[in-house]
Amino acid sequence: MTTTGLTDEQFAEFTNEGYLVVRNFFDPVADLDPIIHEYEGVLDRLAKELFAKGEIKSTHAEKDFSERLIHVSQESGRVLAQHFDFSLPQKNIKADTPIWNGPAVFNALRHPRILDAIESLIGPEIYSNPVQHARLKLPEKRGIADEVGQLVQGATPWHQDNGVVLPEADETDMITVWFSLWDAPIESGCLELIPRSYQEGLVTHCPLGPAGAGIPAKLIDKKRAILLPMKRGDVLFLHRRTCHGSLSNVSDRVRWSFDLRYNPIGQDTGRKAFPGFVARSRANPASELHDATQWAQSWLDTRHKIASAAEETFFNRWSDKAEVCA
Ligand SMILES: O=C(O)CCC(=O)C(=O)O
Ligand SMILES: [Fe+2]
């Protein structure tokens, strides 16, 4: 079968550097605009709901997506990020915790070109790992303080994706795919990473905020860091042990990205409490999930299960007692 997988050069670059940027990977109109349109609907419904509750004085319907989200957030004083995320938060999951698992998001998770590239990296048995986010980061100067702390709204602290999942995923081949729905220049809070840092193994992280974890600054050699401004249509592939983070959004516009993860079928996702699915299986095509409604339902079922469990679900393995965290 013909695929649009990675070239040998791209494969070698990923393997050597621990990351790969492919410019113009997507056709933005065909691949990204349907996601944007779906999210316009999410924001529209949310704005109308907040307006009906008297939390905002206008639905701001005439504004573009970014301005509308900023105005609705600021006027309501609410952090609305979770309404747009297609994963549950790592803490405080309630029966009504918002989540968005729409068909355009599901199509992005199953995008054939992404799966072709992932197939080049880990083979044809591909599981969509549930560690995944839509990040809608408000401009820092127009932001809202996050009382719950479930989604990092500002700069993302240095970390390895391996470090934010449970140890069961340490020896897996999890790959991160990051792309922006529109241009993400440096000032919007682009990613930064340390090439080849995956070679140094898993670095100690320290607990951060209510649910997150990050690598302490003293363990990061910032001189080796590079910035990764991205254009709409570009895609970044990241090794699970590549140290990375993001800058603050000092622009005037929301920085809007998706990050997805994949691992070979059968490997641990590192967040077993959340639902993944078979995105591609050449060995057993019948096991692939093609139904967006079923995918959305799997998240609602998970939310119900976690919200009604007696004990808090736990995702963090790090202790602030580690010497480097002092
Ligand atoms: O988008 C960001 O700011 C951070 C993304 C990230 O850490 C990831 O995709 O793994
Ligand atoms: Fe990350």
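At-a-glance table
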item: Residue identified as farther than 30 Å from Phe11 by Cβ, of a type in the set (Asp, Glu) and either without any contact (Cβ under 8 Å) to a residue 12 or more places away in the chain or surrounded by 22 or more Cβ atoms within 10 Å (Cβ to Cβ) (or both) among Glu62, Glu75, Glu40, Glu140; result: Glu62
item: Candidate set from segment 265-275 (those that are buried (at least 17 other Cβ atoms within 10 Å of the Cβ), farther than 16 Å from Val164 by Cβ and of a type outside the set (S, T, N, Q)); member that is farthest from ligand 2 (Cβ to nearest atom); result: Ile265
item: Cβ-Cβ under 7 Å pairs, at least 6 apart or on other chains, segment 106-121 side under 16 Å from Phe258 (Cβ atoms), far side of a type in the set (D, E, K, R); result: His111/Asp31; Leu115/Arg280
item: Criterion (in contact (Cβ under 8 Å) with a residue 12 or more places away in the chain and over 18 Å from the mean Cα position of the chain (by Cα)) met by exactly one of Phe14, Phe26; result: Phe14
item: Glu125 vs. criteria more than 14 Å from ligand 1 (Cβ to nearest atom), surrounded by 19 or more Cβ atoms within 10 Å (Cβ to Cβ) and of a type in the set (Asp, Glu); result: yes
item: Selection within segment 229-246 - away from ligand 2 (no atom under 12 Å from the Cβ) and either surrounded by fewer than 20 Cβ atoms within 10 Å (Cβ to Cβ) or over 18 Å from Phe14 (Cβ atoms) (or both); result: Pro229, Lys231, Arg232, Gly233
item: Candidate set: segment 157-182, residues that are in a loop (DSSP other than H, G, I, E, B) and away from ligand 2 (no atom under 12 Å from the Cβ); chosen: the one nearest to the chain's Cα centre (by Cα); result: Leu181
item: Positions within segment 228-251 being closer than 24 Å to Thr7 by Cα and either within 14 Å of ligand 1 (Cβ to nearest atom) or within 15 Å of the chain's Cα centre (by Cα) (or both), in sequence order; result: Leu228, Pro229, Met230, Asp234, Val235, Leu236, Phe237, Leu238, His239, Arg240, Arg241, Thr242
item: Filtered residues of segment 299-323 (kept if surrounded by 12 or more Cβ atoms within 10 Å (Cβ to Cβ) and touching a strand residue (DSSP E or B) at 6+ places or on another chain (Cβ under 7 Å)); result: Asn316, Trp318, Ala322
item: Residue count, segment 183-230 (criterion: among the aliphatic types (A, V, I, L, M), part of a strand (DSSP E or B) and closer than 28 Å to Leu109 by Cα); result: 8
item: Only one of Ala213, Ala279, Ala286, Ala225 that is in contact with a strand residue (DSSP E or B) (Cβ under 8 Å, 6 or more places away or on another chain) and free of Cβ contacts under 8 Å to residues at least 40 places away in the same chain; result: Ala225
item: Candidate set from segment 247-264 (those that are part of a loop (DSSP other than H, G, I, E, B) and either touching a Lys or Arg at 6+ places or on another chain (Cβ under 8 Å) or at pLDDT 95 or above (or both)); member that is nearest to ligand 2 (Cβ to nearest atom); result: Leu247
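The values are calculated or read from the model by the stated rules, or taken from the named source; none is laboratory data. Here the structure is a predicted model, which means the values were calculated and not measured. Reconstructed Cβ throughout: ideal geometry from the backbone, glycine too, with neighbour counts over all protein chains shown.
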